[in-house]
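Taking it in order: structure first as structure tokens, then the write-up.
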Amino acid sequence: MNEKSESLDLTGQLLVAMPGMLDRRFARSVILICAHSQEGSMGFVLNQPVAHPKLTEILDELEITDRNDEVAEKVVVFRGGPVEQGRGFVLHSLEYSTQASTRVGDLACVTATLDALHRIASDHPPDSAIMLLGYSGWSAGQLEEEILQNGWLTTPATDQIVFKTSHEDQYSAALASLGISEEMLSADSGHA
């Protein structure tokens with residue numbers, strides 16, 4: 001890894017998959033990078049909802065009964081990535097946090113405790129929250145190499161794109177934040 005990539009910090013950035021993404025699991029994906037260091041990177045795919053399980057089904061399985069199902073039914077569950085798909089995470093706005101929460105810049109927190117599940121299904125949930133199953137991870141230098149190989153574009157994450165844009169529109173919204181559209185991209189961009 002060169003000196004430039006060692007100083008690069010992608011925490012709080014969105015990865016936007018290029019059209020030539022070879023890994024189908026990440027085709028047209030938008031990923032929020034929650035941690036990035038010389039040891040590796042970790043983030044969540046934001047725009048791949050799952051049909052099952054629904055949050056109410058997860059709460060039933062965990063025997064969480066003190067909940068507001070009307071609130072819980074509004075929380076969408078997403079496939080956060082291919083790593084540890086049975087593990088749940090709550091990505092939520094900053095006004096709710098616990099000692100177990102990990103802050104992602106000035107944008108959000110990630111909490112992976114039962115308390116977070118109780119909170120997102122309560123009468124007083126965070127202003128914004130999504131449930132994620134699994135995560136996306138990269139070993140040391142792997143993400144930087146994928147970026148250099150034209151696999152990803154990066155752009156700063158915003159509350160608008162992460163929490164307020166529908167999952168169907170997140171890909172085009174992330175590209176638009178870079179001033180480009182999907183039609184402008186080519187799988188062979190940057191290659192002669």
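The values are calculated or read from the model by the stated rules, or taken from the named source; none is laboratory data. Just so it is clear, the model here is predicted, and its values are computed rather than measured. Cβ placement follows ideal geometry from the backbone for every residue including glycine, while neighbour counts extend to all protein chains displayed.
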Checklist entry - Is it true that GLY80 is on the phi > 0 side of the Ramachandran plot and out of contact with any His (no Cβ under 6 Å at 6 or more places or on another chain)? => result no
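Looking only at residues in the stretch 67-80 that are in contact (Cβ under 8 Å) with a residue 40 or more places away in the chain and more than 17 Å from the chain's Cα centre (by Cα), which one is surrounded by the fewest Cβ atoms within 10 Å (Cβ to Cβ)?
Top of the filtered list is ASP69.
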Checklist entry - Can you tell me how many residues in the stretch 48-66 are crowded, with 19+ Cβ neighbours inside 10 Å and out of contact with any Phe, Trp or Tyr (no Cβ under 9 Å at 6 or more places or on another chain)? => result 3
Checklist entry - Pairs, please: C-beta under 7 Å, at least 6 apart or cross-chain, first residue touching a residue at least 24 places away in the same chain (Cβ under 8 Å) and in the stretch 37-54, second acidic (Asp, Glu) and outside any strand (DSSP E or B)? => result GLN38/GLU6
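Among the residues of the stretch 154-177 satisfying the criterion of being free of Cβ contacts under 8 Å to residues at least 12 places away in the same chain and not in a helix (DSSP H, G or I), which is surrounded by the most Cβ atoms within 10 Å (Cβ to Cβ)? Reasoning before the result, please.
So in the stretch 154-177, the residues free of Cβ contacts under 8 Å to residues at least 12 places away in the same chain come out as 165-166, 169, 172, 176.
Filter once more, so that each one left must be not in a helix (DSSP H, G or I): 165-166, 169.
Details: THR165: 20, SER166: 10, ASP169: 12.
Applying the filter and picking the extreme gives THR165.
Wholly within the stretch 61-143, which strands (runs of 3 or more DSSP E) include no fewer than the required count, namely at least 1 residues that are aromatic (Phe, Trp, Tyr), closer than 17 Å to CYS34 by Cα and modelled with pLDDT of 90 or more? Spell out the reasoning first.
Numbers: elements: 77-79, 83-92, 102-104, 108-111, 129-139.
Counting at least 1 such residues, we get 77-79, 83-92, 129-139.
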Next on the checklist: Being in contact (Cβ under 8 Å) with a residue 12 or more places away in the chain, of a type in the set (A, V, I, L, M, F, W, C) and surrounded by fewer than 19 Cβ atoms within 10 Å (Cβ to Cβ): is that true of LEU117 here?
Outcome noted: no
Next on the checklist: Checking the conditions here, which among VAL110, VAL104, VAL83, VAL45 is within 14 Å of the chain's Cα centre (by Cα), of a type outside the set (Ser, Thr, Tyr), exposed (fewer than 14 other Cβ atoms within 10 Å of the Cβ) and within 30 Å of GLN142 (Cβ to Cβ)?
Outcome noted: VAL83
Next on the checklist: Please go through (1) over 10 Å from the mean Cα position of the chain (by Cα); (2) among the hydrophobic types (A, V, I, L, M, F, W, C); (3) within 18 Å of ASP106 (Cα to Cα) for LEU14 and return the number of the only condition it doesn't satisfy.
Outcome noted: (1)
